[in-house]
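First up is the structure itself, then whatever we jot down about it.
The values are calculated or read from the model by the stated rules, or taken from the named source; none is laboratory data. From a predicted model like this one, the values you see are computed outputs, not experimental measurements. Because the Cβ atoms are built from the backbone with ideal geometry, glycine has one as well, and the counts that use them run over all protein chains shown. Side chains included, ligands, DNA and RNA excluded: accessible areas come from the protein's heavy atoms. Shrake-Rupley method; radii C 1.70, N 1.55, O 1.52, S 1.80 Å.
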Amino acid sequence: MNFVCSKLYQDMCDITIRLGESSHHIIEDVNVSLETSIFSDQYKKTLSILEDRYKLLKAEAKNKEKEKEKEKEKGKDEFIYNPLNNIISFIGDRGSGKTSCMLSVAKLLDKGLDGELASRYAHLNKLSFYRMDLIDPSFFDKSHNVIELFLANLFGKFQDRRKKTKYYEEKQNITKIIECFTRAQKDMAEMMVKPIDKFEPIDNLQRLSAGVSLNEDIKNLVDAFLEYFEKQGGVLIVPIDDVDLNSGMAAEMLEQIRKYLIHPNILVLLSVKLDQLALTKRLGIEAEYSSLKNISANLSEMFDGMVETYLTKTLPHHQRIYMPDGTAYFDKSVRIMDGDKE
């Protein structure tokens, strides 16, 4: 049936489908579409989570400075604190829009909040963000991990900026950021060396030390990177798409993210199908117990508990953004567009 939507009908339409764009990510301007988007609830929840997070981080930073001063007065070492989990996970089935929602949030933070959003999320609005390109897990294998790809993308952005500004016109002192890249890459290379013979304890200790140092290397590198891009004190956004698709490496990738990318100056946005990720982690745990001939019901329940505990620790419940399923759209009106034609 062919007909043209009246203006009244167009205003009532909740979902617009554009032919030819169904397989593309749809990145919205959340400043404009917050109240009208089908992801309105997801956007609001994400912004509320981030507002609370950075309000708490600001308070913790003040407390940290006070504790540092107290420790110095006592002649003790520097006060150490554990950073808050910084992973916001967008969870849903294939085609539920989790990547589009995640990228729309990343674009909003990178661009900045306007109008009512700026006043509603005041702490979030005061921060400056730098958005990295989307990281694709399909590149990960046993020879290349997520941290290597993260460092490579970071270095690529740095090089692009240098070329655009022309090396001889640079105003910033680049020695610091180059040293940070060098140190991070050196520790990464040492950490990636295959296990050494057990009779080489010094080499093994060096490899272990490199893994521990890499965590601090990444934090310092991100600080230097943000300073180079004139966003000192800001936050680096690291979006990672469908981490569960690479079933052979998903659990290991998630562990690397948890070990090396949880810092106050990094925000990890992760799209994932949770049950598939849980299955991947479960298979990894079962492989560790493969020497057992039979797995009892009690042991099977223990495996399930281990998976749930790990996922809860890595992807906290209060930082999970669930995409709406198909039933949420049953009562919505639809407009189908073919170019400019309806």
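From the list S290, S247, S300, the lone residue that is without any contact (Cβ under 8 Å) to a residue 24 or more places away in the chain, part of a loop (DSSP other than H, G, I, E, B) and surrounded by fewer than 21 Cβ atoms within 10 Å (Cβ to Cβ) is S290. Of the residues making up the range 313-326, those that are open to solvent by 20 Å² or more (accessible area, probe 1.4 Å) and part of a helix (DSSP H, G or I) are K313, H317, H318, G326. Have a look at Y329, Y310, Y260 and point out the one that is of a type in the set (F, W, Y), open to solvent by less than 40 Å² (accessible area, probe 1.4 Å) and in contact (Cβ under 8 Å) with a residue 40 or more places away in the chain. Unique residue meeting the criteria: Y260. None of D275, D340 is more than 16 Å from I91 (Cβ to Cβ) and either open to solvent by 30 Å² or more (accessible area, probe 1.4 Å) or not charged (D, E, K, R) (or both) except D340.
Screening L254 on (1) assigned to a loop (DSSP other than H, G, I, E, B); (2) buried (at least 18 other Cβ atoms within 10 Å of the Cβ); (3) out of contact with any strand residue (DSSP E or B) (no Cβ under 7 Å at 6 or more places or on another chain) shows it passes everything except condition (1).
Between D14, D41, D29, the distinction of being at pLDDT 80 or above, more than 21 Å from Q319 (Cα to Cα) and surrounded by 13 or more Cβ atoms within 10 Å (Cβ to Cβ) belongs to D29 only. Checking each residue in the range 254-277 for being basic (K, R) and under 12 Å from the mean Cα position of the chain (by Cα) picks out only R258.
Does K332 satisfy the criteria of being among the basic types (K, R) and over 26 Å from V268 (Cα atoms)? The answer is yes for K332. Exactly one residue out of E65, E60 is over 20 Å from L103 (Cβ atoms), part of a helix (DSSP H, G or I) and open to solvent by 90 Å² or more (accessible area, probe 1.4 Å), and it is E65.
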